[in-house]
Amino acid sequence: MGSASDENELFGPPAFDMEDKVKVKKLIRNDGTFPNKEIGETLAKKGDVGYIVGIGDYLQMYYIYAVHFVERGIIVGCRKKELELVEEFYESNVAS
């Protein structure tokens, strides 16, 4: 029997929506998939804030969230377990 981390996330909706503000829960380093950066180079630090600019999938099992880290000037693909919601786009843009 598989663990919870082996569950296919694509059976449900994405955890985040486009333009949601998110924060990184742990240090993210280049695993070799980020172009023009050395393997092991820091891409985002714990606590960095960014915005969801794309949602894709990996291995037909996991959502990958393209997060634009404005201050760093890069877009990094992150898994749900690496992110936490800071502010939902809809709530922050509804007229009062």
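The values are calculated or read from the model by the stated rules, or taken from the named source; none is laboratory data. The structure displayed is predicted, hence computed values, not measured ones. Because the Cβ atoms are built from the backbone with ideal geometry, glycine has one as well, and the counts that use them run over all protein chains shown. Side chains are part of the model used for accessible areas, which takes the heavy atoms of the whole protein and leaves out ligands, DNA and RNA. Shrake-Rupley method; radii C 1.70, N 1.55, O 1.52, S 1.80 Å.
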Under Stokes-Einstein, the chain at 20 °C and 1.002 mPa s, with its Kirkwood radius over C-alpha pairs, diffuses with a coefficient in µm²/s of 151
Rounded to 0.05, the calculated FRET efficiency for the beta carbons of Glu38 and Asp17 at R₀ = 25 Å is 0.15
Which residues qualify? For Val86, with a placed amide H closer than 5 Å and at least 5 residues away or on another chain, they are Lys21, Val22, Lys23
Taking a crude spin-label model, label points 7 Å out from Cα along the C-beta direction, the Leu10 to Lys46 distance in nm is 3.2
Lys pairs in the range 26-96 with Cα under 18 Å (8 or more apart in sequence, or on separate chains) total 9
To the nearest Å², the heavy-atom accessible area per residue of the chain with 1.4 Å probe amounts to 70
